[in-house]
Amino acid sequence: MATAAATKVPATMRAVQYNACGGGAAGLKLVEVPVPAAKKNELLLKLEAASINPVDWKVQKGMLRPFLPRKLPFIPVTDVAGVVVDVGPGVDGFQAGDQVVAMLNSFYGGGLAEYAVASENLTVKRPPQVSAAEGAGLPIAAGTALQALRTIGAKFDGTGKPLNVLITAASGGVGLYAVQLAKLAGLHVTATCGARNVELVKSLGADEVLDYRTAEGASLQSPSGKKYDGVVHCAVGISWLTFEPVLANTGRVIDITPNFTAILKSALHKVTFASKRLVPLLLSPNKADLEFLVGLLKDGKMKTLIDSRFPLSEASKAWGKSIEGHATGKIIVQMEG
């Protein structure tokens, strides 16, 4: 049922939206729009922070047409943190004042705004040890890293095998989480990144780090000669022919940004019962994973590395920085008071 806090919610809010596909950062406009209302099993959140992921600007670019965006104008971004200010019918796990992390519905977005509606089943409580910015970084990036590692065979309860994994583009949003999660699972980690981030990636636990611009890095070969049981592939432009020689007999390359060629290659591997396989991964959002990840931040077992922070009024600058593709960690938009 609605709470007393609902009476404090204004009729309108500032939000950043685009009116057409294409346009990049220049296509984003700061507007005043009505505050949405929480329907059945939904929460109305006053947002404190949101994180931009590459999928957000790929949607704007039209790469996921005709599925996304569902309708225009569109307020992008799904990964947010904030405070519950109202609850819809059927919600019994939250109340006004709860600090939370949420992943908004991809069809409707809404994260670049002062208020947003979130589904109860993709919202988790955020303990005081986890800041809004740290929590907002989790849903897509850390969730993808977690599911990719599980697909390889990583376990986080101490029962897993000591697998060898490669993480490409390890200094990006997904990669930095993947390195930390892989070490929590007891895996041997080889990682690739640019020279300026080698020490950072090592500090997160990577056993071997390759500068992708060197010949050794381009070949992806482990300095210790280990073959990889799995690859969390966060980069683009690396062919299967490069991966195949460095994989163990039943190695898997988990491609988190699969293109049409990768999907065809994966299908071919399936029908030919290939022992080494390319596996496309699309995130399957769920509450249990998000609770697990928030818990790791709370306990200090993992951290969100933040590249930069921008106020909502400068969201277009944050958007442009993400498109450039050189961020080290998460790009955060913070909602000013």
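Quick notes on this structure:
- Residue check, Asp229 part of a loop (DSSP other than H, G, I, E, B) and surrounded by fewer than 24 Cβ atoms within 10 Å (Cβ to Cβ): no
- Applying the condition of being hydroxyl-bearing (Ser, Thr, Tyr) and modelled with pLDDT of 95 or more to segment 67-120 and asking which residue is nearest to Ile331 (Cα to Cα) yields Thr78.
- Failed criterion for Val246 (all others in (1) modelled with pLDDT under 95; (2) more than 22 Å from Lys155 (Cβ to Cβ) hold): (1)
- Taking the listed residues Arg70, Arg126, the one that is buried (at least 24 other Cβ atoms within 10 Å of the Cβ), in contact (Cβ under 8 Å) with a residue 12 or more places away in the chain and basic (Lys, Arg) is Arg126, with no other qualifying.
- Number of residues in segment 104-123 that are surrounded by fewer than 24 Cβ atoms within 10 Å (Cβ to Cβ) and in contact with an Asp or Glu (Cβ under 7 Å, 6 or more places away or on another chain) equals 3.
- Residue in segment 51-60 that is more than 29 Å from Thr304 (Cα to Cα) and either of a type in the set (A, V, I, L, M) or part of a loop (DSSP other than H, G, I, E, B) (or both) present: no
- Filter result (among the hydrophobic types (A, V, I, L, M, F, W, C) and touching a strand residue (DSSP E or B) at 6+ places or on another chain (Cβ under 6 Å)) within segment 5-30: Ala5, Ala6, Val9, Met13, Ala15, Val16, Leu28, Leu30
- Residue among Gly143, Gly186, Gly175, Gly135 that alone is in a loop (DSSP other than H, G, I, E, B) and either within 19 Å of the chain's Cα centre (by Cα) or surrounded by fewer than 24 Cβ atoms within 10 Å (Cβ to Cβ) (or both): Gly186
- Members of segment 7-62 found to be free of Cβ contacts under 8 Å to residues at least 40 places away in the same chain and either on the phi > 0 side of the Ramachandran plot or basic (Lys, Arg) (or both), listed by number: Gly23, Lys29, Lys58
- Filtered residue count, segment 198-214, keeping only those that are in a helix (DSSP H, G or I), touching a strand residue (DSSP E or B) at 6+ places or on another chain (Cβ under 9 Å) and either charged (D, E, K, R) or surrounded by fewer than 24 Cβ atoms within 10 Å (Cβ to Cβ) (or both): 4
- The set of residues in segment 241-253 being surrounded by fewer than 18 Cβ atoms within 10 Å (Cβ to Cβ) and over 9 Å from Asp229 (Cα atoms) consists of Leu241, Thr242, Glu244, Pro245.
- Residues of segment 278-290 classified as charged (D, E, K, R) and either in the same structural domain as Asp56 (by TED's automatic domain parsing) or surrounded by fewer than 14 Cβ atoms within 10 Å (Cβ to Cβ) (or both), total: 0
- Looking only at segment 264-296, and only at residues there that are polar (S, T, N, Q) and modelled with pLDDT under 90, the one that is nearest to Ala148 (Cα to Cα): Ser266
- Residues that are touching a residue at least 40 places away in the same chain (Cβ under 8 Å) and assigned to a strand (DSSP E or B) were ranked within segment 277-314; the one that is nearest to Gly111 (Cα to Cα) is Arg309.
- Only one of the numbered conditions (1) under 22 Å from the mean Cα position of the chain (by Cα); (2) closer than 25 Å to Gly143 by Cβ is violated by Gly88, and that is (1).
- With respect to the conditions (1) in contact with a strand residue (DSSP E or B) (Cβ under 8 Å, 6 or more places away or on another chain); (2) assigned to a helix (DSSP H, G or I), Ser222 falls short on a single one, namely (2).
Residues checked against (1) without any contact (Cβ under 8 Å) to a residue 40 or more places away in the chain; (2) assigned by TED's automatic domain parsing to the domain that holds His326; (3) within 22 Å of Lys58 (Cβ to Cβ):
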site	(1), (2), (3)
Lys155	yes, no, no
Thr168	no, no, yes
Gly172	no, no, yes
Ala206	yes, no, no
Ser219	yes, no, no
Lys227	no, no, no
Ser239	yes, no, yes
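The values are calculated or read from the model by the stated rules, or taken from the named source; none is laboratory data. The structure presented is a predicted model; accordingly, all values stated were derived computationally and were not measured. Heads up, the Cβs are rebuilt from the backbone with ideal geometry, glycines too, and the neighbour counts pull from every protein chain shown.
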